[in-house]
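**Student:** Mind looking over this structure? Questions follow.
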Amino acid sequence: MSFATLKKARKTGFSKLTEEIEKLSTTNKSNNGNGADDRFWKLTVDKAGNGSAVIRFLPAPQGEDIPWVRTWDHGFKGPGGWYIENSLTTLGKKDPVSEHNSKLWNSGIESNKDIARKQKRRLSYYANILVVSDSANPDNEGKTFLFKFGKKIFDKVNDSIDPEFDDETPVNPFDLWEGANFKLRARQVNDFRNYDKSEFSSPSPLSEDDAEMEKIWNQEYSLQEFLEPKHFKTYEELATRMTMVLGLRADDAAAVDSPAPQRSIQSERSLPTAEADAGDVEDESDLSYFSKLADEA
């Protein structure tokens, strides 16, 4: 797709985004840490956990239709060490940890439910952004990066595309001409990173120069890369790892149906390297999520 096509297809592209938002909403109701990768931008916060910057979400890169991808992973600790793995549910496949959590939840034993809660999936999104203002790292300004973020920030994107109230005008925040800058504001609230103060500015062109915007668009990174099979272990490999980490018996059904032993399993909030604030943890109903998995098993 050429830049000229991108410009002409903006209205159609907005319709596609609306459809994708509706799909995510339906899925939510029914149902990789980036390490030192210099393609990624991350908000710098002070010792109190506060920070701010202005970014601009960018349209889908060349050859791709949607300007974000959504992924799931698991991160917890058991007697056999840490389990930090991408979840096959990202690809619409069955995942052994999700299935095991479903069995725990549906056992009816409260201690098993507590374990399932600590082992639940973590939700992340990836998108391309332009850093408009970053006072903590001014060298980042005017550059294109990948941005990994959680549900709380995506809710802001969702509300922009699909406003809650009739008197609000829908805005495609990924549009170069009619999108809007995003004021990312982080605060530390009750030991968790909080983004409630973040908001979109009024719509405005990213630049008055189409040639400059085309240059920025051409610098974007692939998002579909994060859905490639090479980033996911097989079901069998994950099951083997899970069994070792949790110290499960060969017949794990027996272990689930009986009261669960006390295990030193920590929440993903204790992950040693991956960012895991409250905004990055899936918050859909435990009951609906695990019950759905049980029905599909």
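The values are calculated or read from the model by the stated rules, or taken from the named source; none is laboratory data. Since the model is a prediction, treat every value here as computed from it, not as a measurement. A quick note on method: Cβ atoms are made from the backbone with ideal geometry, for glycine too, and the neighbour counts reach across all protein chains shown.
**Student:** Give the number of residues within segment 112-145 that are among the hydroxyl-bearing types (S, T, Y) and modelled with pLDDT under 95.
**Tutor:** 0
**Student:** Separate question: With the requirement that a residue be among the aromatic types (F, W, Y) and assigned to a helix (DSSP H, G or I), what does segment 224-238 give you?
**Tutor:** F226, Y235
**Student:** Please pick out the residue among G13, G33, G51, G108 that is among the small types (G, A, S) and modelled with pLDDT of 95 or more.
**Tutor:** Exactly one of G13, G33, G51, G108 is among the small types (G, A, S) and modelled with pLDDT of 95 or more, namely G51.
**Student:** When you look at F182, is it farther than 23 Å from D209 by Cα, out of contact with any Cys (no Cβ under 9 Å at 6 or more places or on another chain) and not aliphatic (A, V, I, L, M), yes or no?
**Tutor:** No, not satisfied.
**Student:** Still on this structure, I have one more. Considering only segment 177-186, I want to know if a residue exists there that is at pLDDT 95 or above, over 20 Å from D134 (Cβ atoms) and either of a type in the set (G, A, S) or out of contact with any strand residue (DSSP E or B) (no Cβ under 8 Å at 6 or more places or on another chain) (or both).
**Tutor:** Yes: one or more hits.
**Student:** Taking the condition at pLDDT 95 or above, surrounded by fewer than 17 Cβ atoms within 10 Å (Cβ to Cβ), part of a loop (DSSP other than H, G, I, E, B) and of a type in the set (D, E, K, R), does K42 pass?
**Tutor:** Spelling it out, K42 is indeed at pLDDT 95 or above, surrounded by fewer than 17 Cβ atoms within 10 Å (Cβ to Cβ), part of a loop (DSSP other than H, G, I, E, B) and of a type in the set (D, E, K, R).
**Student:** Same structure again: Checking N158 against (1) in a helix (DSSP H, G or I); (2) exposed (fewer than 14 other Cβ atoms within 10 Å of the Cβ); (3) polar (S, T, N, Q): exactly one of these is not met. Which one?
**Tutor:** The number of the failed condition is (2).
**Student:** Quick one: in segment 52-94, which of the residues that are outside any strand (DSSP E or B) and of a type in the set (G, A, S) is nearest to the chain's Cα centre (by Cα)?
**Tutor:** So the residue we want is S87.
**Student:** For I21, indicate whether it is modelled with pLDDT under 95, β-branched (V, I, T) and surrounded by 12 or more Cβ atoms within 10 Å (Cβ to Cβ).
**Tutor:** It is true that I21 is modelled with pLDDT under 95, β-branched (V, I, T) and surrounded by 12 or more Cβ atoms within 10 Å (Cβ to Cβ).
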